[in-house]
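Novice: First the structure, then my questions, so here it is.
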Amino acid sequence: MATIKEISQLASVSSTTVSRVLNQDDTIVVSPEVRKKIFKIAHELNYVPPRMRHAQKEKEIVIGVADWHIIRKDRPNIRISSLDCIAKTMAGKNDVKFVRMDKAAPSHYDGIIAFGVFSESEMESLRMQSFAIVFINSDPKDYEYDCIVMDFTKGIREMLDYLLDRKQYRSVGYIGGLYEEGDLRIGYRRLEGLRETFRERGCYDENHFFIGEFSRDGGYELARQAAASGHLPEAVLLGSDEVAEGVLEAFFDAGLRVPKDVAVVIYKDIETLESQWPTYTKVRMFPEIVWQTAIKLLLEQIQGGRSDNMTIYLPTKLEVGDSA
């Protein structure tokens, strides 16, 4: 196991400096470059701080969830509140607490679950907040961290096969939103992936894609436009729970029945709303196995001291219901 002394020698700083940096001592005066170098070396050597070595003796394990690349900061992540049931079956004698992280307010966590693709500066910030990190759908090539890679296209392909081949719908479209604030862009990668998968299946028609604001009101307006345009497809994928609320209200106001007049599939990302349509057909992007696997990987690092990193590939899942 790596020691403070080994890190100090490679970083060319004193052992005291290394210890204070790794223990999040904000009073120490050290340049960002030196701080970054210390954390990088610590990770490369698989250094495990004493608090993690003795985690089994502690009562509570705090896991941060970095989800700002897939959920707007002004929207809740209600999935976090329901993770305790999963964790209790896996954490032994420890209590596990999940906290939604604030990008602008770094803190310390025993472990982190991070969704999406992070910039180098964000990676450095996460590294300084925890020694145990699991990235979901980041697919880093350096294998410095545990990573879960989601096969998003599998669920979409299954949906198209089901709608076109089994249900014999002649047209399939999409109603969804985009969001952009500063360097944060939500929905863009999803949209390009959907278009590509639709093209591969030979069913892409730009007239059947309705893109606007990522919100309930945006969904309502897009659905209203789709119903009035004459281009509403026979089956439609709705981009999120929030968008679905507006879309389904607009369909109701327009006298359209689901699934008799228009079939509906809901794209289930991390839930930000309690579902009003639990029996609807859905493509679940992060099924339970994703959370179970992420928690398992973190606990192996925190409780077991595992230092070898792993990359695991998991599929998305089509769940057939009564709306398509």
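What follows draws every value from the coordinates through simple rules; no lab data is involved. Since the model is a prediction, treat every value here as computed from it, not as a measurement. Don't worry about glycine lacking a Cβ; one is built from the backbone with ideal geometry, like all the others, and counts go over all protein chains shown.
Novice: Which FRET efficiency value, to the nearest 0.05, do you get for residue 300 and residue 200 by plugging their Cβ-Cβ distance into 1/(1 + (r/R0)^6) with R0 = 30 Å?
Specialist: It comes to 0.20.
Novice: Quick check: pseudo-label points 7 Å beyond the Cα along Cα→Cβ at residue 166 and residue 183, how many nm apart are they?
Specialist: Output for this residue pair reads 4.3 nm.
Novice: Just 279, 153, 27 to compare: in a GNM of the chain, with alpha carbon springs under 10 Å, which one fluctuates most?
Specialist: The residue with the greatest mean-square fluctuation here is 27.
Novice: Starting from one equal scatterer on each C-alpha and no solvent at all, send me the Debye-based log10 I(q)/I(0) for segment 151-295 at q = 0.18, 0.20, 0.21 Å⁻¹, two decimals.
Specialist: -1.07, -1.33, -1.47
Novice: Taking a ≥ b ≥ c as the square roots of the eigenvalues of the Cα gyration tensor of segment 120-222, is the shape rounded (a/c under 1.5), prolate (a/b larger than b/c) or oblate?
Specialist: oblate
Novice: What full-extension length gain, to one decimal in nm, is calculated for residue 97 and residue 217 as 0.36 nm per residue of separation minus the Cα-Cα distance?
Specialist: Length gained between residue 97 and residue 217: 39.8 nm.
Novice: In the chain, what percentage of the DSSP-assigned beta bridges are antiparallel, given to the nearest 5?
Specialist: Beta bridges within the chain, antiparallel portion: roughly 15 percent.
Novice: Give me the one-decimal nm value for the distance between modelled label points at residue 36 and residue 311, 7 Å along each residue's Cα-to-Cβ direction.
Specialist: Inter-label distance under the simple model: 2.4 nm.
Novice: Can you figure out the FRET efficiency of residue 5 with residue 73, using R₀ = 41 Å and their beta-carbon distance, to the nearest 0.05?
Specialist: In this case the efficiency is close to 0.50.
Novice: For the chain, what is the relative contact order in percent, using Cα pairs closer than 8 Å and at least 6 residues apart in sequence?
Specialist: 18
Novice: What residues from segment 258-302 fall in the zone where the backbone N is under 20 Å from a label point 7 Å along the Cα-to-C-beta line of residue 320?
Specialist: What the label zone holds, given the 20 Å backbone N cut-off, is 258-268, 278-285, 287.
Novice: Have a look at 267, 287, 256 and report the one farthest towards the positive end of the charge dipole of segment 243-324, computed about the Cα centre with Cβ charges (Lys/Arg +1, Asp/Glu -1).
Specialist: So the residue furthest toward the plus end is 287.
Novice: Okay, moving on. Which semi-axis lengths, in whole Å and largest first, follow from the square roots of five times the eigenvalues of the Cα gyration tensor of segment 212-324?
Specialist: They are 37, 14, 11 Å, listed largest first.
Novice: Could you tell me the calculated FRET efficiency between residue 274 and residue 25, based on Cβ-Cβ distance and R0 = 35 angstrom, to the nearest 0.05?
Specialist: Calculated transfer efficiency: 0.25.
Novice: Further question on the same structure: To the nearest 20 debye, what charge dipole does segment 88-221 have about its Cα centre, counting +1 at the Cβ of each Lys and Arg and -1 at the Cβ of each Asp and Glu?
Specialist: 620
Novice: Related question: Take the residue pairs 103/317; 73/154; 73/97; 268/296; 97/296; 37/97 and return only those whose Cα atoms are more than 26 Å apart.
Specialist: Violating the 26 Å Cα-Cα cut-off are 103/317; 73/154; 37/97.
Novice: Hey, rough spin-label estimate for residue 260 and residue 289, points 7 angstrom out along Cα→Cβ, what's it come to in nanometres?
Specialist: A separation of 3.8 nm, rounded to one decimal place.
Novice: For a quick protection proxy, order the peptides 105-117, 29-41 by their average other-Cβ count within 10 Å, most packed first.
Specialist: 105-117, 29-41
Novice: What are the semi-axes of the equivalent ellipsoid for the chain, taken as the square roots of 5 times the Cα gyration tensor eigenvalues, largest first, in whole Å?
Specialist: The three semi-axes for the chain are 44, 19, 17 Å.
Novice: Indicate the gyration tensor shape class of segment 165-232 (rounded, prolate or oblate), computed on the Cα atoms with a ≥ b ≥ c the square roots of the eigenvalues: a/c under 1.5 is rounded; otherwise a/b larger than b/c is prolate and the rest oblate.
Specialist: Note, shape of segment 165-232 comes out oblate.
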